[in-house]
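As structure tokens, the structure follows; a few thoughts come after it.
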Amino acid sequence: WEAPIIPATEEAEVAVSHIMPTERSSLLRKWYDLMIKNKDDLAKIITAESGKPLKEAQGEILYSALFLEWFSEEARRVYGDIIYTSARDKRALVLKQPVGVAAVITPWNFPSAMITRKVGAALAAGCTVVVKPAEDTPFSALALAELASQAGIPPGVYNVIPCSRKNATEVGEAICTDPLVSKISFTGSTTTGKVLLHHAANSVKRVSMELGGLAPFIVFDSANVDQAVAGAMASKFRNAGQTCVCSNRFLVQRGIHDAFVKAFAEAIKKNLRVGNGFEEGTTQGPLINEKAVEKVEKQVNDAVCKGATVVTGGKRHQLGKNFFEPTLLSNVTQDMLCSHEETFGPLAPVIKFDTEEEAVAIANAADVGLAGYFYSQDPAQIWRVAEQLEVGMVGVNEGLISSVECPFGGVKQSGLGREGSKYGIDEYLELKYVCYGGL
């Protein structure tokens, strides 16, 4: 591994310089094993600090651990190339080497998985990392640090710098402008991502960004209504709508519109239960803070004032504080805030459309493009729309698309680079060309 950033020790620098890919693989696998062994406690930490329902938190821990398992295997597969040139007395080699120290800044909505998806790749490549977790959820990062230590990962390789909200901007800037840092990986808002890109530009650092989304969820007339509703429920209300790939705009074709809205409303009322994340049966926990609740409330009020209809929900939940009712709106138009502003809450606005071209145009009107979903039984339409949607990831007749084996990332202002999959490790590797002459 490359030399770690402060607070690293001299002993750590010596130790990590001798770690070979097979050893990195073994250490990551041990870290994975410890996560699985401690999965229940790790899930409870997520629920305690973010309010995420315990069942979802348990799912996140498994998903999180799988990134360590995946990259423990990828660590052994960093291959170079030998190129035969036109010169008889020369050979060309391409080496892949670790980029160096990586600054990793992660969000609160997946406080464990967003760390392992980045750190697993970085460590597999041979980099050291400095993680600044979200100020709302520092304990998951610290718990992972404890398990990393137990797994034998040397001190100074996986570093965590938690901080208060007051100091978050200053700490982030300090990490991202440090001359020892060669790489920045960030998941969060597009606004913050642009600030970090400015920091990276000053010293031309490598950058990976997974930023905001405004995911369209399109239901065409040929769709299976029950399947579309099931996909909508999974995509929209996971973590109370607080995920970057959540469906933000539901575009439903006129012929199927009324049937879909009716079935969607019934599913919301029947299957969603707002409550304490530790209570059995809870599917919707609180939003992360008061500011998040105010944003959802503002979007609902704006839509209603402009003519939208509240089908179900629409207000703060009787539990109070940061709880909000799962909400479905119909008669939504493109001039409403919820149509062009990421919600990050349990709000599903439905826009009626007539033609495929109209739906694609509405979907692509956003300046971001992370995920998109659509339901159709028409093979030709499926190919057309999948290719035309301006997003990095498409779910076709599927509402849950995240997988450790597949590349995660967006286009437009939704970010740069890809995480997970066989491509994720490349974000932490540099190519070096070696010309070997005199043969």
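Got a sec? Charge dipole of segment 216-396, +1 on Cβ for Lys and Arg, -1 for Asp and Glu; which of 232, 391, 346 is way out at the positive end?
Ranked along the dipole, the leading option is 346.
Using θ = phi - 60° and the Karplus form 6.51 cos²θ - 1.76 cosθ + 1.60, what ³J(HN,Hα) does each residue of segment 49-63 get, whole Hz, x for Gly and Pro?
Listing the rounded values in order: 9, 10, x, 4, x, 4, 4, 5, 4, 5, x, 5, 4, 5, 4 Hz.
Nothing charged except the Cβ atoms of Lys and Arg (+1) and of Asp and Glu (-1): what's the magnitude of the dipole of the chain about its Cα centre? Round to the nearest 20 debye.
Values: 44 positive and 51 negative charges, 38 e Å.
Dipole magnitude for the chain comes out near 180 debye.
With a cut-off of 15 Å, note down the residues of segment 331-374 whose backbone N falls inside the zone around a label point 7 Å from the Cα of residue 398 toward its beta carbon.
In segment 331-374, the label zone of residue 398 (backbone N under 15 Å from the point 7 Å along Cα→Cβ) covers 371-374.
Can you compute log10 of I(q)/I(0) for the chain with the Debye formula, treating each Cα as one identical point scatterer, at q = 0.12 Å⁻¹?
-1.00
Largest first, please: the extent of the C-alpha atoms of segment 328-439 along each principal axis, to the nearest Å.
Here the spans come out as 73, 32, 23 Å, largest first.
Go ahead and set up a Gaussian network model of the chain, Cα springs under 10 Å, then flag whichever of 361, 348, 303 fluctuates most.
361
Evaluate E = 1/(1 + (r/R0)^6) for residue 269 and residue 301, where r is the Cβ-Cβ distance and R0 equals 22 Å; express this FRET efficiency to the nearest 0.05. All intermediate terms of the calculation are to be shown ahead of the outcome.
Details: r = 22 Å, r/R0 = 0.99.
FRET efficiency, residue 269 to residue 301: 0.50.
Let me have the relative contact order for the chain, percent, based on Cα pairs under 8 Å that are six or more residues apart.
Numbers: 980 pairs, mean separation 81.3, N = 439.
Contact order relative to length: 19 percent.
Could you run the Karplus curve 6.51 cos²θ - 1.76 cosθ + 1.60 with θ = phi - 60° over segment 232-249 and give me ³J(HN,Hα) per residue in whole Hz, x for Gly and Pro?
Coupling constants for segment 232-249: 5, 4, 5, 6, 7, 9, 5, 6, 6, x, 9, 10, 6, 9, 4, 5, 10, 9 Hz.
Which net charge results for the neighbourhood of residue 415, defined as the other residues with beta-carbon distances under 12 angstrom from its beta-carbon, given Lys and Arg at +1 and Asp and Glu at -1?
Values: positive: 194, 412, 418; negative: 210, 419, 427.
Local net charge: 0.
Just to be sure I follow the definition: excluding the sites themselves, where is the longest run in the chain that has none of the trypsin sites (Lys or Arg not before Pro) in a DSSP loop with at most 10 other Cβ atoms within 10 Å? Don't jump to the answer; show the numbers that get you there.
Values: sites that count: 88, 165, 166.
So the longest stretch without any such site is 167-439.
Over segment 216-396, what is the percentage of antiparallel beta bridges among all DSSP beta bridges, to the nearest 5? Don't skip to the answer; put the middle values down first.
Details: 4 of 23 bridges.
Rounded to the nearest five, the antiparallel share is 15 percent.
Name the longest site-free stretch of the chain, where the excluded sites are GluC sites (Glu not before Pro) in a DSSP loop with no more than 10 other beta-carbon atoms within 10 Å. Could you put the intermediate results ahead of the total?
Values: sites that count: 280, 405.
The answer is 1-279.
Looking at the chain, which longest stretch skips every one of the chymotrypsin sites (Phe, Trp or Tyr not before Pro) that is in a DSSP loop with at most 13 other Cβ atoms within 10 Å, leaving the sites themselves out? Write out the running numbers ahead of the final one.
Values: sites that count: 79, 84.
Of all site-free stretches, the longest is 85-439.
Please check which bits of segment 88-117 a label hung off residue 431 would reach, taking the label as a point 7 Å along Cα-to-C-beta and the cut-off as backbone N under 13 Å.
93-97, by backbone N distance to the label point.
Skipping prolines and chain starts, which residues have an amide H placed within reach, meaning under 5 Å, of the one on residue 368, given they are 5 or more residues away or on another chain?
So residue 368 has HN proximity to 413.
Non-local amide H neighbours of residue 251 (under 5 Å, H modeled in plane, Pro and chain starts lacking H): which ones?
217, 218, 219, 351
Once both axes come from the Cα atoms, what is the angle between helix 290-305 and the longest principal axis of the chain, in degrees from 0 to 90, rounded to 10?
Tilt of helix 290-305: around 40 degrees.
If I model a spin label as a point 7 Å beyond the Cα along the Cα-Cβ vector, how far apart are those points for residue 201 and residue 355 in nm?
Result: 4.0 nm between the two label points.
With everything on Cα atoms, drop me the angle between helix 379-388 and the longest principal axis of the chain, reported from 0 to 90° to the nearest 10.
60 degrees
Rounded to the nearest percent, how much of the accessible area of segment 216-396 (1.4 Å probe, protein heavy atoms only) is carbon and sulfur?
Heavy-atom surface of segment 216-396 belonging to carbon and sulfur, 1.4 Å probe: 49 percent.
Lys/Arg Cβ at +1, Asp/Glu Cβ at -1, dipole of segment 216-396 taken about the Cα centre: which of 312, 286, 217 is farthest positive-ward?
It is 286.
When the chain is fully extended, how far beyond the present Cα-Cα distance does residue 97 get from residue 387, taking 0.36 nm per residue of separation?
Working: separation 290, 0.36 × 290 = 104.40 nm, distance 3.42 nm.
In short, 101.0 nm is gained.
In Å², and per residue, what accessible area does segment 335-423 have when probed at 1.4 Å with the other protein chains present? It would help to have the intermediate numbers written out before the result.
Details: 3600 Å² over 89 residues.
With the other protein chains kept in place, segment 335-423 gives 40 Å² per residue.
Among 172, 320, 417, whose mean-square fluctuation peaks in a Gaussian network model of the chain (Cα, cutoff 10 Å)?
320
Per residue Cα convex hull volume for segment 216-396, in cubic angstrom?
106 Å³
Roughly speaking, what is the stretch gain from residue 378 to residue 279, that is 0.36 nm per residue apart minus the C-alpha to C-alpha distance, in nm to one decimal?
Details: separation 99, 0.36 × 99 = 35.64 nm, distance 4.21 nm.
Stretched out fully, the residue 378 to residue 279 stretch lengthens by 31.4 nm.
So in the chain, what percent of DSSP beta bridges are antiparallel if you round to the nearest 5?
Numbers: 20 of 57 bridges.
Antiparallel bridges: around 35 percent, rounded to the nearest 5.
Ignoring everything except DSSP H segments at least 4 long, calculate the 222 nm mean residue ellipticity for the chain; use -39,500 (n - 2.57) per segment, divide by total residues, nearest 500. Please list the in-between numbers first.
Numbers: 14 runs with 177 residues, N = 439.
My calculation for the chain gives -12500 deg cm²/dmol from helical runs alone.
The values are calculated or read from the model by the stated rules, or taken from the named source; none is laboratory data. A quick note: this is a predicted structure, and the numbers were derived from the prediction, not measured. In this analysis, Cβ positions are derived from the backbone assuming ideal geometry, glycine residues included, and neighbour counts consider all displayed protein chains. All accessible areas refer to the heavy atoms of the entire protein, side chains included, with ligands and DNA or RNA removed. Shrake-Rupley method; radii C 1.70, N 1.55, O 1.52, S 1.80 Å.
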